[in-house]
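Worksheet: one structure, shown below.
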Amino acid sequence: MNFESNDWIAIDVQSTLDRLEQPFNVHTDHQIPVGEYVFTRFWLTTETNETRVISARISVGHGQYYHGQRSGLNGFLTFKPNGHFSLGSSYGFNRVKLPDGAFNANVISGCMIYSLSTSAYAQLFTQWNNETERLSTNLLLNYIYQPGSDFYLVLNQIYDRTQPSEKRFVDRAILAKLTYWYQ
């Protein structure tokens, strides 16, 4: 339902079919076995108008999850003081109950975007996951040197708290990509 203020509220039903050909660890102590799974989740979401200086979104969900249940809460907050700068943060919480036990999963993230011009911007994204005890950082620089043609420079880094202190930076990468639109 949309309001005149461009705020909105929605109820969403998600049906999922997942065919697992290999078991996977959904948590340190919980493995989902091979098989076919059908589950349904319900979400209630509300969001304020994204064009405001401060906007927010909150979602609450509950439903089936493989042979168990999952309840979740997600919150997003964004600060956009002008057309060049945006700062956002989010928090996601999931309570998962499976036949062999239960666990909680928390994900915290933040994003900062700065537009230098209509053809160049920088974006910094960070995310903390309590399950993996990892902090992921991604810095993206984008330059549009002609319409449809871009140059990207990406720096990725993963910090793992479960490793010994001298080995906690487990993954670092610098990537460059050049696209050219040929007419």
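Over the Cα atoms of the range 17-74, Rg to Rh with Kirkwood Rh, two decimal places? Could the numbers behind the result be given before it?
Numbers: Rg = 16.1 Å, Rh = 13.8 Å.
With Rg and the Kirkwood Rh in hand, the quotient comes to 1.17.
Measuring between their Cα centroids, the range 34-65 and the range 159-173 lie 32 Å from each other.
If we count other beta carbons within 10 Å of each Cβ, what is the order of Ser119, Ser165, fewest first?
Listing Ser119, Ser165 from fewest to most nearby Cβ atoms yields Ser165, Ser119.
Across the options Leu140, Ser165, Ala102, the greatest Cα extent toward the positive end of the charge dipole of the range 52-178 (unit charges at beta carbon of Lys, Arg, Asp, Glu) belongs to Ala102. Sequentially through the range 89-101, phi angles give Karplus couplings (6.51, -1.76, 1.60; θ = phi - 60°) of 9, 8, 9, x, 10, 10, 10, 10, 10, 10, x, 9, x Hz, Gly and Pro residues having no value and appearing as x.
Between Arg41, Arg95, Arg168, the Gaussian network model of the chain with springs among Cα atoms under 10 angstrom shows the greatest mean-square fluctuation at Arg168. Considering only Thr137, Thr28, Thr40, the Gaussian network model of the chain with Cα springs below 10 Å gives its largest mean-square fluctuation to Thr28. Simple spin-label model, 7 Å along Cα-to-Cβ: Glu4 to Ile58 in nm? Roughly 2.4 nm, to one decimal.
With a cap of 13 neighbouring Cβ atoms within 10 Å, and only residues DSSP puts in a loop, list the chymotrypsin sites (Phe, Trp or Tyr not before Pro) found in the range 121-183.
Numbers: sites: Tyr121, Phe125, Trp128, Tyr143, Tyr145, Phe151, Tyr152, Tyr159, Phe169, Tyr180, Trp181, Tyr182; in loops: Tyr180, Trp181, Tyr182.
The qualifying sites are Tyr180, Trp181, Tyr182.
In sequence order, the range 36-51 has phi-based couplings of 10, 10, 10, 8, 10, 10, 10, 10, 10, 10, 9, 9, 7, 4, 5, 7 Hz under the Karplus curve 6.51 cos²θ - 1.76 cosθ + 1.60, θ = phi - 60°, and Gly or Pro positions carry x.
Identify the chymotrypsin sites (Phe, Trp or Tyr not before Pro) of the range 1-75 meeting these criteria: DSSP loop state and at most 14 other C-beta atoms within 10 Å of the C-beta. Write out the running numbers ahead of the final one.
Details: sites: Phe3, Trp8, Phe24, Tyr37, Phe39, Phe42, Trp43, Tyr65, Tyr66; in loops: Phe3, Tyr66.
Here the chymotrypsin sites (Phe, Trp or Tyr not before Pro) that fit, given the DSSP loop and packing criteria, are Phe3.
Here, each number is a calculation from the coordinates, and none is a lab measurement. For clarity, every value in this text was computed on a predicted model and none was experimentally measured. Cβ sites come from the backbone with ideal geometry, for glycine too, and all protein chains shown count toward neighbours.
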